[in-house]
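Before any comments, here is the structure.
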Amino acid sequence: MKSYFPITILLLLLIVACQPIKDQGNLEITVLLPENVEQKTIDGRLLLIFAKNNETEPRFQINGGLNTQVIFGMNVENHVPGNKISFDNKALGFPIEQLSGLQEGDYYVQALLHVYETFQLSTGHTVKLPMDNGEGQQWNRSPGNLYSKPFKVSVGKNGIENFEVTLDQIIPEIKEPEDTEWIKHIKFKSEKLSAFWGRDIYLGAHILLPKNFDKHPEAKYPLMIFHGHFPSDFGGFRTTPPDKDLEPDYSDRFKVDGYNIIQQEEAYNFYKRWNEPDFPRFLIIEIQHPTPYYDDSYAVNSESQGPYGDAITHELIPYIEKEFRGMGEGWSRFLYGGSTGGWEALAVQVKYPEEYNGCFAACPDPIDFSSYCLTNIYEDKNAYFYESDFKTLEVPSHRDYLGQITSTVKQDNQLELVLGDKSRSGQQFDIWEATYSPQADDGYPQRIWDKQTGDINPEVANYWKENYDLRHILERDWDKLGEKLKGKIHIYCGDMDNYYLNNAVYSMESFLESTSDPYYDGEVDYGDKAEHCWNGDQENPNYISRLRYNSMYVPKIMKRIAVSAPPGADLTSWRYKE
């Protein structure tokens with residue numbers, strides 16, 4: 001009988017040799033806040049980032065896609081500068097959950113503190129949140145945030161060795177754009193928002209003036225409101241041809257060479273169209289309304305963010321119209337935008353039906369929460385996994401036009417939880433919560449689902465339904481809203497939207513087409529194989545049409561004015577040619 005004892009020993013030795021030795025029980029990475037920080041104590045979210053490359057700083061390499069690098073996060077409360085803070089294996093990470101899970105290799109490391117301020121809300125709550133500082137609520141670019149210079153570390157077979165990081169850098173202030181002949185900028189203190197937040201809150205706007213604005217003091221103008229993410233300046237408008245020495249770049253999103261040149265060419269073409277004799281003379285504005293939760297407020301009132309809808313519609317818009325000779329009447333105001341801006345355009349039209357005369361909503365965020373991307377928040381029990389007795393299948397969150405998946409809802413929410421708890425990540429799912437959810441006892445938004453497990457809260461879902469589910473609101477209140485909205489609703493979406501937003505549009509279309517007394521008399525259209533953010537142009541590719549928002553809806557706006565302007569309305573003073 002042969003003995004297998006030597007072979008058994010050899011196999012055991014091989015197995016042991018192949019296992020990484022990672023006793024990381026004493027793992028500790030310390031972060032030092034220098035004593036020269038102005039605050040006596042400091043609050044915020046401390047982030048530790050590991051990147052496999054140094055093409056850009058690690059803080060600029062975190063995202064929900066396949067090329068993301070690794071990040072860990074923890075809260076900092078009442079921390080005294082000069083003292084150290086420690087990361088250990090309990091720190092939550094993305095896409096690797098624990099520090100001990102880092103693979104062997106070299107990394108570039110960077111730490112950053114996203115600083116929080118304390119707000120005494122009019123609701124009686126005290127909350128700590130990151131105030132926007134002119135960057136549009138971006139944790140990796142927000143002025144005043146502390147960070148470290150990147151440096152290289154190695155992870156060996158026994159894991160990562162302890163090291164120290166010093167936050168000795170500070171993100172500088174952002175210079176505000178200057179006025180030009182064509183574009184003006186305003187900052188407006190909102191009394192409504194200041195009262196809610198317990199401190200001065202300002203709204204901003206970039207205003208594009210019509211041709212020969214100063215030469216026609218008698219003219220009053222219709223207003224076009226371009227909703228969307230935080231604009232640093234008025235985009236897509238330039239008075240000169242593309243730069244001759246501009247080095248062409250490549251758009252990975254659109255697979256197009258020289259996209260930067262195309263953008264400049266389209267911006268210059270818009271300037272030329274804006275000056276054509278027959279082009280209608282409008283005011284166009286882009287609004288800055290960042291909140292401590294996101295780069296914009298979603299332009300509606302909400303329990304956790306305050307009365308942004310009323311502040312924009314009843315304070316900011318009338319102020320702009322007074323300062324720049326707007327008509328100042330509902331029939332002369334029009335809304336448009338894509339993605340977040342698409343939802344805002346439709347939501348504002350629905351919630352203020354007589355204050356605006358038409359919306360053009362492209363690729364809107366979910367407008368029916370039974371199709372909250374791929375989740376039905378009313379019927380599904382869990383947002384992260386499909387229901388199954390035996391299979392574990394995650395719900396996707398992002399695809400390309402061929403259906404290739406690059407992220408899931410669970411992964412996106414894991415990243416958000418690393419960037420900030422209590423809906424403070426500044427990312428997509430958290431801002432939907434901050435906008436749509438009732439306020440919790442601690443002053444922060446109630447969770448629509450458990451951020452770690454994905455289990456949906458039906459009570460919160462019902463609150464969303466009654467207050468922000470636009471399809472439900474329209475169906476529930478059509479007897480009151482129908483006449484006020486007839487001819488005003490226009491919705492556009494690609495049928496392969498990256499975020500599955502077309503599903504909610506299908507549902508909305510079904511309801512709108514079923515309306516009678518009155519029929520909605522608007523438009524819903526789809527782009528074949530079109531991704532986010534298709535906006536209704538059936539002739540040009542998405543990468544071109546997305547650059548033409550400010551002119552593409554003008555013919556439809558003019559038709560709307562022709563059929564809806566009240567008797568005695570000024571239809572001539574703003575139609576000058578020179």
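The values are calculated or read from the model by the stated rules, or taken from the named source; none is laboratory data. These numbers come from a predicted model, not from an experiment. Positions of Cβ are generated from backbone atoms using ideal geometry, with glycine treated the same way; all protein chains shown enter the neighbour counts. The accessibility values were calculated without ligands, DNA or RNA, using every heavy atom of the protein model including side chains. Shrake-Rupley method; radii C 1.70, N 1.55, O 1.52, S 1.80 Å.
Given the pairs Lys351/Lys480; Lys220/Lys559; Lys215/Lys559; Lys484/Lys559, which span a C-alpha to C-alpha distance of over 21 angstrom in this model?
Working: Lys351/Lys480 12 Å; Lys220/Lys559 19 Å; Lys215/Lys559 27 Å; Lys484/Lys559 17 Å.
Correct reply: Lys215/Lys559.
Determine the calculated [θ] at 222 nm for the chain from helices alone, applying -39500 (n - 2.57) to every DSSP H run no shorter than 4 residues and normalising by the residue count; nearest 500 deg cm²/dmol.
My calculation for the chain gives -7000 deg cm²/dmol from helical runs alone.
Taking 0.36 nm per residue of separation and subtracting the Cα-Cα distance, what length does fully extending Thr56 through Asp389 add?
That pair, Thr56 and Asp389, stretches by 115.4 nm at full extension.
Modelling each spin label as a point 7 Å along the Cα-to-Cβ direction, I'd like the Lys559/Val256 distance in nm, to one decimal.
Distance between the two pseudo-spin positions: 2.5 nm.
Quick check for me: using +1 on Lys/Arg Cβ and -1 on Asp/Glu Cβ, what's the dipole size of the stretch 358-404 about its Cα centre, in debye to the nearest 20? Could the numbers behind the result be given before it?
Numbers: 3 positive and 8 negative charges, 19 e Å.
Approximately 100 debye in magnitude.
I want to verify the translational diffusion coefficient of the stretch 356-453 in µm²/s; compute it with Stokes-Einstein, Rh as the Kirkwood radius over Cα pairs, at 25 °C and 0.890 mPa s.
Values: Rh = 15.0 Å.
The Stokes-Einstein estimate is 163 µm²/s.
Quick one: which residues, 5+ away or cross-chain, put their amide H under 5 Å from the amide H of Ala440? H built at 1.01 Å from N.
Gln446
Of all the stretches in the chain, which is the longest one without any exposed loop site, taking chymotrypsin sites (Phe, Trp or Tyr not before Pro) in a DSSP loop (any state but H, G, I, E, B) with at most 10 other Cβ atoms within 10 Å?
The segment 5-389 is the longest one with no such site.
Rg to Rh for the stretch 446-578: what is it, with Cα atoms only and Rh by Kirkwood?
Value, to two decimals: 1.06.
Would you be so kind as to identify which of Leu415, Pro518, Thr240 lies farthest towards the positive end of the dipole of the chain, taking Lys and Arg as +1 and Asp and Glu as -1 on Cβ and the Cα centre as origin?
Of the options given, the answer is Thr240.
Once you put a point 7 Å from the Cα of Lys152 and another 7 Å from the Cα of Asn540, both along the Cβ direction, what distance in nm separates them?
4.6
Share of antiparallel DSSP beta bridges in the stretch 292-436, in percent to the nearest 5?
Of the beta bridges lying entirely in the stretch 292-436, close to 65 percent run antiparallel.
Tell me which residues come under 5 Å, amide H to amide H, from Gly522 once H is placed; ignore anything under 5 positions away on its chain.
Excluding prolines and chain starts, which carry no amide H, the hits are Gly487.
Tell me which of Asn145, Gly93, Tyr444 sits at the most positive position along the dipole axis of the chain, charges placed on C-beta atoms (Lys, Arg +1; Asp, Glu -1).
Most positive-ward Cα: Asn145.
At a Förster radius of 30 Å, what calculated FRET efficiency corresponds to the Cβ-Cβ distance of Glu117 and Glu164, to the nearest 0.05?
It comes out at approximately 0.65.
If you count the DSSP beta bridges with both ends in the chain, what percent of them are antiparallel, to the nearest 5?
Once the DSSP bridges in the chain are tallied, antiparallel ones form about 70 percent.
Set the Förster radius R0 to 56 Å, insert the Cβ-Cβ distance between Ile174 and Lys381 as r into 1/(1 + (r/R0)^6), and round the FRET efficiency to 0.05.
0.80
Please enumerate, by chain and number, the lysines with C-alpha under 24 Å from the C-alpha of Lys90, excluding those fewer than 8 residues away in the same chain.
Lys22, Lys52, Lys128, Lys152, Lys157, Lys410, Lys422, Lys451
Please state the charge dipole magnitude for the chain, taken about the Cα centre, from unit charges on C-beta atoms (+1 on K and R, -1 on D and E), reported in debye and rounded to the nearest 20.
Roughly 460 debye, rounded to the nearest 20.
Hey, what did the stretch 25-157 get for relative contact order, percent, Cα under 8 Å, at least 6 apart?
28
Over the stretch 194-289, average the accessible area per residue using a 1.4 Å probe and give it in Å², no decimals.
On a per-residue basis, 45 Å².
Report, in debye and to the nearest 20, how large the dipole of the stretch 391-462 comes out about its Cα centre when Lys and Arg carry +1 and Asp and Glu carry -1 on their Cβ.
Here the stretch 391-462 has a charge dipole of around 220 debye.
Given the options Phe390, Trp432, Tyr378, identify the residue whose Cα lies farthest towards the positive end of the charge dipole of the chain (+1 on Cβ of Lys, Arg; -1 on Cβ of Asp, Glu).
Going by the charge dipole, the pick is Trp432.
May I ask you to give the percent of accessible area on the stretch 447-516 that is carbon plus sulfur, with a probe radius of 1.4 Å? Please report the intermediate quantities before stating the final value.
Details: 1230 of 2870 Å².
Carbon and sulfur: 43 percent of the exposed surface of the stretch 447-516.
Ordered by residue, what ³J(HN,Hα) values in Hz, to whole numbers, does the stretch 354-369 give under the Karplus form 6.51 cos²θ - 1.76 cosθ + 1.60, where θ = phi - 60° and Gly and Pro are x?
Rounded to whole hertz, the list is 9, 8, 9, 10, x, 10, 10, 9, 9, 5, x, 3, x, 9, 8, 7.
On full extension of the chain, what length is gained from Lys486 through Leu571, given 0.36 nm per residue of separation minus the C-alpha to C-alpha distance?
28.5 nm
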